[in-house]
Amino acid sequence: MSRLFRGVFIVWTVLRFGLDELVLSSFTRPWVRRLTRVVSLGRNLKAPRGERLREALESLGPIFVKFGQVMSTRRDLLPLDIANELARLQDRVPPFDSDVAIAIIEKAFGRPIAQIFASFERQPVASASIAQVHFATLPGGREVAVKVLRPNMLPAIEKDLALMHMMAGWVEGLSADGKRLKPREVVGEFDKYLHDELDLLREAANAAQLRRNMQDLNLVLIPEMVWDFCMPDVMVMQRMDGVPISQTQRLRDAGVDMKKLARDGVTIFFTQVFRDGFFHADMHPGNIQVSLDPATFGRYISLDFGIVGTLTEVDKEYLAQNFSAFFQRDYKRVAELHIESGWVPPQTRVDELESAIRACCEPYFDRPLKEISLGMVLMRLFQTSRRFHVEIQPQLVLLQKTLLNIEGLGRELDPELDLWSTAKPFLETWMLEQVGPEKLLEQLKAEAPTYAKLLPGLPRLLQQYLKGQSGGNRQELQALLQEQRRTNKLLQSLIYGGLGFALGLLAMQIVLRIRLF
């Protein structure tokens, strides 16, 4: 019954914000156009479609807000106006009752809140669709931040996800545009991200990995996890004090070098992507602060690690070669890389794909480098590739979305930021490291323990192999000789039989002639 009521509320919300009109308007047949005008009577649908979709998702609750946030990352599938509007859904969820948060914490640790923390601030400092954050102090005096999962999230999302999967199937079957947007794939991706984010232990592990990776860079601070106080629905971490990066004037007044800050952001991103293959994939301004502490002045502070992207060595090499080909305007090589990666059907003509990529990218190269958006080039490339039935990998979509965030943030900090010239040396150095002698020595060093175990036993293994081969040859030779003997015996029998038959015929002829004469 609750699912039925939820379904009715969703349908009412769809009608209220005119989402049905958005679907029907994608059809080109005249009778559907007329139906669209009829169902729109009496409703105010003058607001832009992206705004109506965003407001509908906000009305449907935190799960649908989170769905809108994930949809906003799929700029390869969504129209730009809708993706930009859905991106506004970040950090707009009202907090839940602090008494409920305290009850969740006490249940997780099995004791009263006063025995867990020396002090606990009831007013949350941040609230999102999945969890909210409170400041607290541990008994030893250490200041921490406590992230608490929203109550009853799992049963709620299971119901809503079931409805989303059903609605996605409807949308996909309604029109060619609906099928092209791959709503079931988007919902499936959202399902995975959401279940990952519901486990705060997983988020804590992501933060710990990023902290280890970035420790020697000295450009970004990542909170340390207090593992004794980390549970699937409660996560306690080091309290970070910084200024939100969106407050640029306050940072300038404090003396932060904004140009350096912009360059450092690009360096952090490309280091995470091309060196580590493990990057923070939710780097919107709400998750980034800047430290004003004298010991760490001007460093980034990174927060919220529910969504991270991972890249394999193959992914990194593909991206680096693509970017390198872009820098050289070698569009044929870009097309060949698409086909070699298997993302494009093998029957695709290289010259046609090359022409499409040239038309996509060439206009950008006629501008000054500082006016070129690397993220927009990548997005246009994904959109162009759609014509050739390219299956864009989810990890690269996350990368493109994060690149757009970083680039937009960098341009806000330093309008003169030249992302291309900043990225090019980094990529070229990375490519040399991948194919140069240092990489070979590194691989040999990594494999040295394995070789050390194999080398002492190699002569014995070789001897056994040769013995086995020798024994096998002898057996085969014996079998061949035996078959040869059988063949010889058969030939001898045939010869003797033939001779006997011939002698018999001759004897019969002699006897007959004697009788006749």
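General observations
- Between GLU416 and ASP276, the FRET efficiency estimated from the beta carbon spacing at R0 = 25 angstrom works out to 0.30.
- For the pair GLN215 and SER98, label points projected 7 Å from Cα toward Cβ lie 3.6 nm apart.
- Using a simple spin-label model with pseudo-atoms 7 Å out from Cα toward Cβ, TRP227 and VAL350 lie 5.1 nm apart.
- Oblate is the label for the stretch 137-266, because a/c, from the alpha-carbon gyration tensor with a ≥ b ≥ c as root eigenvalues, is 1.5 or above and a/b does not exceed b/c.
- Modelled spin-label separation between ARG252 and GLU55, with each label point placed 7 Å from Cα along the Cα-to-Cβ direction: 3.5 nm.
- Taking all protein chains together and a 1.4 Å probe, the residues ASP253, ASP191, ASP97, ASP414 rank ASP253, ASP97, ASP191, ASP414 from largest to smallest accessible area.
The values are calculated or read from the model by the stated rules, or taken from the named source; none is laboratory data. Here the structure is a predicted model, which is why all the values come from computation and not from measurement. Neighbour counts run over all protein chains shown; Cβ positions are idealised from the backbone, glycine included. With ligands, DNA and RNA removed, areas are computed over all heavy atoms of the protein, side chains included. Shrake-Rupley method; radii C 1.70, N 1.55, O 1.52, S 1.80 Å.
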